[in-house]
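I have placed the structure first, in the form of structure tokens, so that the comments after it can refer back to it.
The values are calculated or read from the model by the stated rules, or taken from the named source; none is laboratory data. Just so it is clear, the model here is predicted, and its values are computed rather than measured. Positions of Cβ are generated from backbone atoms using ideal geometry, with glycine treated the same way; all protein chains shown enter the neighbour counts. In case anyone asks, the SASA skips ligands and DNA or RNA and just uses the protein heavy atoms, side chains included. Shrake-Rupley method; radii C 1.70, N 1.55, O 1.52, S 1.80 Å.
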Amino acid sequence: MKKLGLILFAFMAMCACVMAQEQGAGRQRGQRANGMPQFNKEQMVKMMTDRQVERLKLTDEQTAQMKVLNEALITEMMNQRPQMGNPQAFQEMTPEELEKMRKEREKKLTEMQNNYITLVKVVLTEEQFSEFEKMQKERPQGFQQGNRPGGQGRPRGGFGRGNN
């Protein structure tokens, strides 16, 4: 139990640092280009945790622990998004550079997801973890090539691509 407490404390400390950085950015978001709502981090964590509480029948203690893990995961994933402050920089990159950047990002996201699953396994019972794995297989894998939500495998935007 001490090990779990230490892991949760580490995630909470990491979240605090990231939140401090995000507050400085102060971005407002409304909708994506395709009309879908753009959720903020708190909304995403709440939706994710609520879905887990419902499907996995979490106890109050498990719910609190999963909320911390979900917040850490969402924060890390948001930090991995490419910064679109200078779209011109993407247009000037070669296809090889863009592909290398995409592969590095995909590798980091996969590593993050694997770490998350390892920590979730500590929190859940065997039966709950089995159901969690089913949930993972059902969810769209947005960062995997060829399976982007709403994109049918097409690259987003068009930065650096000759065929806008």
Check your understanding: Residues of the stretch 95-133 being closer than 15 Å to A72 by Cα and of a type in the set (K, R), which ones?
Key -> K108
Revision key, fill the gap. Exactly one of E111, E133, E71 is out of contact with any Pro (no Cβ under 7 Å at 6 or more places or on another chain), open to solvent by 40 Å² or more (accessible area, probe 1.4 Å), modelled with pLDDT of 90 or more and closer than 22 Å to E42 by Cβ, and that one is E71
**Study point:** Residue check, A64 within 23 Å of R139 (Cα to Cα), at pLDDT 85 or above and not charged (D, E, K, R)
**Key:** yes
